[in-house]
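Working notes for the structure below.
The values are calculated or read from the model by the stated rules, or taken from the named source; none is laboratory data. It should be emphasised that the depicted structure is a prediction, and the values quoted were computed from it without experimental measurement. Cβ coordinates were reconstructed from backbone atoms using ideal geometry, including for glycine residues, and neighbour counts include every protein chain displayed.
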Amino acid sequence: MPIYLDHAATTSVLPEVKEAMLPFFDEKFGNPSSIHHYGRVVRTAMDEARQKSAQEINAEPRQIFFTSGGTEADNLALLGTALRMKEHSKDHIIITAIEHHAVLDACHYLERCGFRVTYLPVDTEGKVDIDQLKNALNRKTALISVMYGNNEVGTIQPIKKIGELAKEIGVLFHTDAVQAFGVERIDVDELMIDLLTLSSHKIGGPKGVGALYVSESHSILPRMFGGSQERRKRPGTENVPGILGFGKAVEISSKRRNDHLMHMKEIRQRFIEELHNRKIRFVINGHPHDVLPHICNISFIGIDSETMLINLDLNGIACSSGSACTSGSLERSHVLEAMNLPGEVIDSAIRFSFGYQTTFDEIVKAAKVIEKIIHQLSK
Ligand SMILES: Cc1ncc(COP(=O)(O)O)c(C=O)c1O
């Protein structure tokens with residue numbers, strides 16, 4: 001099997017998670033909205049999953065709304081807040097230029113609906129500047145949305161400072177924590193976050209499930225209609241096995257977070273050392289310290305990303321050239337472009353991303369393969 005270095009794209013479902021999900025496909029198949037025994041069994045299990053997810057971010061269970069994943073949670077946060085705030089004559093939103101497409105494209109749609117959006121620039125390490133954020137604010141600003149940690153380069157934003165600023169001026173603050181959840185300790189109270197996006201499949205849970213946290217002081221408008229599920233904010237019969245799997249993944253990742261964090265830091269460090277030891281010419285993209293430990297974005301100058309990816313794949317290494325959604329298209333990474341990196345750096349960037357299962361042996365093998373590919377291509 002190829003060595004999997006694409007954990008930021010998705011992770012395999014943990015065995016304990018799979019086990020926890022299985023009964024909910026057959027013996028416990030009830031609809032959580034049913035008042036009879038079958039329904040109650042499922043409702044109780046779902047309540048537990050909600051409780052675990054809430055506890056993990058220091059929230060209340062009623063503040064958690066399950067969705068079909070990070071993309072839907074981002075859309076619900078942006079569109080649901082924009083529509084609500086329009087009622088208060090606020091129609092301006094601030095995001096960064098390096099947000100995931102789930103946020104960016106939701107904002108493009110909002111612009112078509114008459115909202116105004118400011119796209120904050122970032123520096124060459126992928127950080128936003130608080131003063132630029134302050135300058136972008138006006139009395140019509142409804143929402144600031146700044147991702148916790150970037151999915152392509154891993155740069156972590158000054159979330160606490162942004163939360164404090166937002167609170168001080170009375171503007172809502174959303175953060176997409178899809179990549180940070182599971183590696184960073186997130187406390188919505190301490191960080192003054194009003195809306196937070198989570199996804200299950202990045203932490204060993206199943207795909208197609210996620211959650212949006214919404215603070216008590218805010219009320220989003222729903223984007224779908226038709227039922228009373230998720231307190232009418234996200235109607236439709238719930239993805240019960242998915243939600244329970246997500247709950248189990250949260251429970252496990254919470255227990256193992258510190259060990260995983262240490263392991264991935266060491267793996268990342270070792271990978272970089274292995275490349276250095278082999279005298280390979282490369283640059284690391286993203287912030288040198290404030291970076292998610294599982295993401296390592298590297299440009300092998302002079303070798304375009306596609307050629308490198310194909311060769312890595314042929315040699316048994318699975319990774320990607322950017323986010324899962326943009327790789328496969330030949331578009332340049334909007335993240336690296338926003339970071340204002342030279343064209344040769346952008347065009348040769350590869351994202352390696354690690355999981356707790358990644359071994360030192362795999363990392364050494366990957367470095368050897370990279371050395372071999374560079375040697376072959378330079379002939
Ligand atoms: C930062 C970020 N936000 C949102 C998403 C979308 O999450 P999902 O795949 O659960 O829709 C991703 C997925 O890669 C992501 O990395």
For this session: Could you tell me which numbered condition GLU56 fails, if it satisfies all but one of (1) away from the ligand (no atom under 16 Å from the Cβ); (2) over 17 Å from the mean Cα position of the chain (by Cα)?
Result: (2)
Exercise. Given the residues LEU212, LEU221, which is the only one that is crowded, with 18+ Cβ neighbours inside 10 Å and under 21 Å from ALA82 (Cα atoms)?
Worked result: LEU212
Problem set entry | Scope region 296-330; condition at pLDDT 85 or above and within 16 Å of the ligand (Cβ to nearest atom); matching residues | CYS296, ASN297, ALA318, CYS319, SER320, SER321
Seminar exercise, completed: In region 170-227, anything more than 13 Å from the ligand (Cβ to nearest atom), assigned to a loop (DSSP other than H, G, I, E, B) and of a type in the set (A, V, I, L, M) is listed as VAL171, ILE186, VAL188, LEU191, MET192, ILE193, ILE220, LEU221, MET224
Exercise. What do you reckon, is LEU5 away from the ligand (no atom under 16 Å from the Cβ) and either within 26 Å of ALA106 (Cα to Cα) or modelled with pLDDT of 95 or more (or both)?
Worked result: no
For this session: Among the helices (runs of 4 or more DSSP H) lying completely within region 63-149, list those that include at least 2 residues that are within 16 Å of the ligand (Cβ to nearest atom).
Result: 70-86, 101-112
Exercise. From the list ILE298, ILE280, ILE272, which one is part of a strand (DSSP E or B), within 14 Å of ALA366 (Cβ to Cβ) and assigned by TED's automatic domain parsing to the domain that holds PHE354?
Worked result: ILE298
Exercise. List, please: which pairs have Cβ atoms under 7 Å, are six or more places apart or on different chains, and start with a residue in region 141-158 that is farther than 24 Å from VAL283 by Cα and end with one that is acidic (Asp, Glu) and away from the ligand (no atom under 11 Å from the Cβ)?
Worked result: ALA142/ASP91
